[in-house]
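Only one structure is covered here, and it is reproduced in the block below.
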2 protein chains.
Amino acid sequence: MAFIQTDTFTLRGYECDAFGRMSIPALMNLMQESANRNAIDYGIGIADLAQKGFGWMLMRFCLRMHQYPRYSQTIQLMTYPTTVEKYFIHRDFRVVAEDGTLLADASSTWLVFSMEKRSMVALPDFIRSLSPPTNVDPLPTLPTKPDFQMAAFSPTDTKRVEVGWLSIDQNKHVNNVAYVQWLLEAVDADVLQTREIAEIDLVYRTESHWHDWLEIQSMDETDSSIRHRIVQTESGKDVILARSRWRES
Amino acid sequence: MAFIQTDTFTLRGYECDAFGRMSIPALMNLMQESANRNAIDYGIGIADLAQKGFGWMLMRFCLRMHQYPRYSQTIQLMTYPTTVEKYFIHRDFRVVAEDGTLLADASSTWLVFSMEKRSMVALPDFIRSLSPPTNVDPLPTLPTKPDFQMAAFSPTDTKRVEVGWLSIDQNKHVNNVAYVQWLLEAVDADVLQTREIAEIDLVYRTESHWHDWLEIQSMDETDSSIRHRIVQTESGKDVILARSRWRES
């Protein structure tokens with residue numbers, strides 16, 4: 001059976017930034033929440049996987065903001081799996097206003113890791129066999145390795161953060177949205193005040209844990225795009241690579 | 001006319017900590033949201049005050065956790081003003097489970113500042129004259145200066161943070177809950193993993209702004225209580241003073 005998750009949210013004050021626009025981390029938190037609920041309907045929720053010795057890992061996420069919802073606005077968020085491959089499952093998100101205007105959409109790619117092997121595995125049959133809804137128009141599948149993942153990276157700015165207790169999820173890993181908070185907070189003050197994100201494209205590479213130190217790096221790519229990288233200080237491993245595109249706000 | 005604000009919330013994954021308990025900052029965010037809505041009903045919302053050249057400032061907040069709500073639980077949050085004095089207005093919060101069990105309660109004290117004078121003023125008449133509900137049992141009014149505000153403070157631990165974009169509210173000030181996040185993240189790993197907050201009592205002293213550097217200080221007070229202080233690095237001013245009480249979790 002196919003399930004489309006539809007949730008209605010009315011924006012709370014703390015979900016909006018200093019200009020009253022919905023913050024990107026707040027929106028990603030809601031997307032994650034709706035995705036969890038949809039996964040539960042499919043019998044592939046976090047708890048279902050944990051029971052079988054597996055866990056979800058987000059590998060790719062690309063969010064496009066068409067129009068920012070604002071404080072007290074009611075939005076409808078839909079999410080559903082689109083395609084299932086040997087190793088990857090793809091999930092789309094759509095956010096619409098009450099009048100149906102498309103405010104944002106996102107595509108994502110997820111993989112499964114085995115807790116015992118501590119590594120990625122082919123999707124187990126109970127996931128592989130699920131039926132995505134057929135009455136939707138899927139976004140293009142994200143490239144597994146986008147161009148910016150392979151391109152040279154010379155940071156023009158580096159900040160250091162220590163992973164705190166409140167950034168840890170029930171898997172004892174840093175939650176996926178915390179990284180986006182850190183990389184946004186490292187963006188130039190001028191950009192944050194005069195522009196807004198049109199698109200953010202993320203590659204998740206390695207997990208990190210409580211008390212890890214992370215280097216939050218960024219480099220200007222073009223007039224309207226910034227590249228980001230988060231590196232684990234101790235291991236030197238890439239945690240996340242990203243590109244954000246900005247427009248006048 | 002008197003208004004009691006009642007909101008129902010179902011806990012989202014990112015509102016819970018690594019143990020699945022509702023996080024204190026998440027609960028405080030919801031309390032703030034319900035308080036805003038209640039203030040709008042009374043015609044004393046943030047926008048109502050701003051229009052007249054005033055702003056709200058939180059001075060005291062004391063939260064008691066009786067039983068932690070958990071992921072996916074539905075809670076009911078009630079808030080209402082209790083007493084109005086020349087300079088202060090007091091507001092209570094009650095959080096109950098679906099079966100009516102009291103999960104948490106909080107009391108708070110607010111003052112009004114004049115944007116022109118940049119200082120505290122007596123409550124304007126349109127606030128002074130409001131009618132708190134009479135069918136409630138108010139918590140004791142918080143002392144304006146609790147004992148820990150005056151006691152000596154010798155920090156045993158200090159961390160530094162820079163105020164980031166996502167901690168700024170629509171007044172361009174650091175939001176009240178961000179401070180609590182910082183002081184909780186500075187608590188010993190062992191305490192965070194084996195105990196839970198029974199009570200947190202906060203005195204807000206000065207506002208801080210984007211890009212300010214803050215010193216997050218703490219000192220063990222007794223076996224089960226910690227004192228906290230946040231100081232603006234540049235001005236040396238106290239931003240917040242607090243005491244948290246902990247119990248086995």
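Scanning segment A:202-249 for residues that are among the hydrophobic types (A, V, I, L, M, F, W, C) and open to solvent by 40 Å² or more (accessible area, probe 1.4 Å) turns up A:Trp210, A:Trp213. Candidates are the residues of segment B:29-55 that are among the polar types (S, T, N, Q) and touching a residue at least 24 places away in the same chain (Cβ under 8 Å); the one that is farthest from the other protein chains (Cβ to nearest Cβ) is B:Asn38. The single residue among B:Arg91, B:Arg60 that is away from chain A (no Cβ under 12 Å) and touching a Leu at 6+ places or on another chain (Cβ under 8 Å) turns out to be B:Arg60. Here the condition is being within 22 Å of A:Ala18 (Cα to Cα) and of a type in the set (D, E, K, R); of B:Asp105, B:Asp48, B:Asp7, it holds for B:Asp48 alone. If I ask for residues that are aliphatic (A, V, I, L, M) and part of a helix (DSSP H, G or I), which ones from segment A:122-150 would you list? Selection gives A:Ile127, A:Met150.
The set of residues in segment A:95-106 being over 20 Å from A:Asp201 (Cβ atoms) and either touching a strand residue (DSSP E or B) at 6+ places or on another chain (Cβ under 6 Å) or crowded, with 19+ Cβ neighbours inside 10 Å (or both) consists of A:Val96, A:Ala97, A:Glu98. Scanning segment A:193-212 for residues that are among the aliphatic types (A, V, I, L, M) and more than 13 Å from chain B (Cβ to nearest Cβ) yields A:Ala198, A:Ile200, A:Leu202, A:Val203.
Scan segment A:169-187 for residues that are of a type in the set (A, V, I, L, M) and assigned to a loop (DSSP other than H, G, I, E, B) and jot them down. Can you show your working first?
Taking segment A:169-187 and keeping what is of a type in the set (A, V, I, L, M), we get A:174, A:177-178, A:180, A:183-184, A:186-187.
Of everything in segment A:169-187, those that are of a type in the set (A, V, I, L, M) and assigned to a loop (DSSP other than H, G, I, E, B) turn out to be A:Ala186, A:Val187.
Consider segment B:56-109 and keep the residues that are among the hydroxyl-bearing types (Ser, Thr, Tyr) and under 19 Å from B:Val177 (Cα atoms). The one that is farthest from the chain's Cα centre (by Cα) is B:Tyr68. The lone criterion from (1) away from chain A (no Cβ under 11 Å); (2) part of a loop (DSSP other than H, G, I, E, B) left unmet by B:Asp190 is number (2). For segment B:2-28, a tally of residues being at the interface with chain A (Cβ under 8 Å from one of its Cβ atoms) and farther than 24 Å from B:Ala189 by Cβ returns 1.
If you go through segment A:107-137 and pick out every residue that is open to solvent by 20 Å² or more (accessible area, probe 1.4 Å) and small (Gly, Ala, Ser), you end up with 4.
Does segment B:81-94 contain any residue that is closer than 30 Å to B:Ala189 by Cα and open to solvent by 10 Å² or more (accessible area, probe 1.4 Å)? Yes, segment B:81-94 contains at least one residue that is closer than 30 Å to B:Ala189 by Cα and open to solvent by 10 Å² or more (accessible area, probe 1.4 Å).
Within the span defined as segment B:110-121, every residue fails to be at pLDDT 95 or above, within 26 Å of B:Ser249 (Cβ to Cβ) and either under 17 Å from the mean Cα position of the chain (by Cα) or part of a loop (DSSP other than H, G, I, E, B) (or both). Which of the numbered conditions does B:Val177 fail, given that it passes all the others? Conditions: (1) modelled with pLDDT of 95 or more; (2) over 24 Å from B:Asn36 (Cα atoms). Against the list (1) modelled with pLDDT of 95 or more; (2) over 24 Å from B:Asn36 (Cα atoms), B:Val177 comes up short only on (2). Considering every residue within segment B:115-131, establish whether at least one is within 14 Å of chain A (Cβ to nearest Cβ) and in contact with a Lys or Arg (Cβ under 6 Å, 6 or more places away or on another chain). No, every residue in segment B:115-131 fails to be within 14 Å of chain A (Cβ to nearest Cβ) and in contact with a Lys or Arg (Cβ under 6 Å, 6 or more places away or on another chain).
Scanning segment B:13-46 for residues that are closer than 26 Å to A:Ser34 by Cα, modelled with pLDDT of 95 or more, open to solvent by 10 Å² or more (accessible area, probe 1.4 Å) and of a type in the set (D, E, K, R) gives B:Arg21, B:Arg37.
Taking the criterion of being more than 8 Å from every other protein chain (Cβ to nearest Cβ), open to solvent by less than 20 Å² (accessible area, probe 1.4 Å) and in contact with an Asp or Glu (Cβ under 7 Å, 6 or more places away or on another chain), the only residue of segment B:157-172 that qualifies is B:Val163.
Take A:Leu77 and tell me if it is within 14 Å of chain B (Cβ to nearest Cβ), closer than 29 Å to B:Leu27 by Cβ and part of a strand (DSSP E or B).
On the way: within 14 Å of chain B (Cβ to nearest Cβ): yes; closer than 29 Å to B:Leu27 by Cβ: yes; part of a strand (DSSP E or B): yes.
Here the answer is yes, as A:Leu77 does meet what is asked.
Annotation: of all residues in segment A:60-74 being part of a loop (DSSP other than H, G, I, E, B) and open to solvent by 10 Å² or more (accessible area, probe 1.4 Å), the one that is farthest from B:Ser34 (Cα to Cα) is A:His66.
The values are calculated or read from the model by the stated rules, or taken from the named source; none is laboratory data. All of these numbers come straight from a predicted model, not from anything done at the bench. FYI the Cβ positions are ideal-geometry reconstructions off the backbone, even for glycines, and counts take in every protein chain you see. Note: accessible area is taken over every heavy atom of the protein model, side chains too, but ligands, DNA and RNA are not part of it. Shrake-Rupley method; radii C 1.70, N 1.55, O 1.52, S 1.80 Å.
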